[in-house]
1. Fully extended, how many nm does the chain gain between Glu187 and Glu270 (0.36 nm per residue separation, minus their Cα-Cα distance)?
2. I'd like the Karplus ³J(HN,Hα) series for the stretch 350-365: coefficients 6.51, -1.76, 1.60, θ = phi - 60°, whole numbers in Hz, and an x wherever there's a Gly or Pro.
3. On the principal axes of its Cα set, how long, how wide and how thick is the stretch 291-363? Give whole Å, largest value first.
4. Just the C-alpha atoms of the stretch 307-415: what Rg/Rh do they give, with Rh taken as the Kirkwood radius?
5. Can you list residues whose amide H is under 5 Å from Phe97's amide H, if they're 5+ apart or on another chain and H is modeled 1.01 Å from N?
6. For Gly355, what residues show an amide H to amide H distance below 5 Å, using hydrogens built from the backbone and excluding near sequence neighbours?
7. Quick one: 3J(HN,Hα) in Hz for the stretch 136-144, Karplus 6.51/-1.76/1.60 with θ = phi - 60°, rounded, Gly and Pro as x.
8. List the extent of the Cα atoms of the stretch 1-102 along each of their three principal axes, largest first, rounded to whole Å.
Amino acid sequence: MPPLVFAGEARKLQSALGEVAEGRAFLLHAGDCVESFHEFNAVNIREKLRILLQMAAVLTYGGTLPVVKVGRIAGQFAKPRSAATETVGELELPSFFGHLINDDTPTVEARTPDPSRMVRAYHQSAATLNLLRAFTKGGFADITRVHEWNQEFVASSPEGQRYEALAVEIERALRFMAACGIDLESEQRLHQVDVWTSHEGLVLDYEEGLARRDSLSHDWYACSAHMLWIGERTRESLGAHVEFFRGIENPIGCKIGPTATSEDVLALCELLNPEQIPGRLTLIARMGVDHAGDKLPPLLAAAKDGSHPVVWACDPMHGNIFKSESGLKTRSFDAILAEIETFFAACHDQSVWPGGVHLEFTGEDVTECIGGSEAVREDELNLRYMTLCDPRLNARQSLDLAFRVAELMRQPNGRVGNAA
Ligand code: PEP
Ligand code: CO
């Protein structure tokens, strides 16, 4: 099969992330927990892009910095699971590992891994990426359409209205520039954006099949996406995943959970980015709100003292999952926000640039995470709980969060208000 991305694109993303590593840009890394074979359609892809563009507009304008936009999209089909099996009724079944591997239906047949799914995932990724390219280069992402990214069910909410006000300001700024004689028509950067693709590089059989030697540089690239990351469960230094990632030249990420030590972080930096190239390695801290304040500072300090040019991003999602009373997995908006706040404060204290956020969202009006300005209550979770794996922020909660992060970006001490 042909590669899905070109090595030159991966290099372009790496240099954009290099700007983040050096404190001149911010990373917005977000999308679905897991993509689905069942929900594969244009509307779904468009709505995810729409919320990504909306959040990026809020962060770019609010934080007055370029925002590097990376989707968990067009290939995010595999899930690491804590347990290999689960019990459904009387049945002990293999867990659902993502549509790249098996189906979510709780039957033995559906849960049996099927390698032909890798081919289907490849084709779905190709079609998704094609539509993303069409939307981002063909006019949908044009900054003059900033108003149109506000979905109807979002527009009526407080954060939707706040977004409207921001869109009006952006339009005024554009008119001001035009009045100063700047030719906005010919400025391509206002009319097209780069949205890069990424997923967890979990299934090495799939990734190896799409690893190709670049004809220009003769280096090896993972051509299934622009960026891949190593999950929290597969980041051991001597493991197969680190070994595979060492051999590809793409920009890469690695999740860093609360059990990681300074030695682990240094070993990962040395193995994965021995030449210390800014933008090559993004460390995605996912500590959980209760651990971030203690665990993060020594890790930030270790990478900094080792002169490793790390992009530090905060994943406030994966350390904050809990089971609601109804048994549904959820996360609270307050905990997510609090972990991001702790991340910003810790980075400030260590003189490290808070490089970005890593989020799980959907463009749909789901009720999977509790809280937010128009609070989803715990007893409302089952109204529209649609995720195949982890609970995602809905479009309103995502936009709300973008405004809060933009506020944090503006704070000289990394803290909002009088927080210690
Ligand atoms: C994920 O990003 O969906 C995930 C499983 O994360 P982690 O590896 O951090 O648990
Ligand atoms: Co997840």
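The values are calculated or read from the model by the stated rules, or taken from the named source; none is laboratory data. Bear in mind the structure is a predicted one, so any value in this text is a computation, not a measurement. Ideal geometry is used to build each Cβ from the backbone, glycine not excepted, and the neighbour counts take in all protein chains shown. For accessibility, only protein heavy atoms count, side chains too; no ligands or nucleic acids. Shrake-Rupley method; radii C 1.70, N 1.55, O 1.52, S 1.80 Å.
1. Length gained between Glu187 and Glu270: 25.8 nm.
2. 9, 6, 10, 6, x, x, x, 10, 10, 10, 10, 9, 9, x, 8, 8
3. 47, 28, 16
4. My calculation of the ratio gives 1.02.
5. Result for Phe97 returns Asn102.
6. Counting only residues 5 or more places away or on other chains, the set is Trp312.
7. With coefficients 6.51, -1.76 and 1.60, one gets 7, 9, x, x, 5, 8, 4, 4, 5 Hz.
8. Principal extents (Cα only, largest first): 55, 33, 29 Å.
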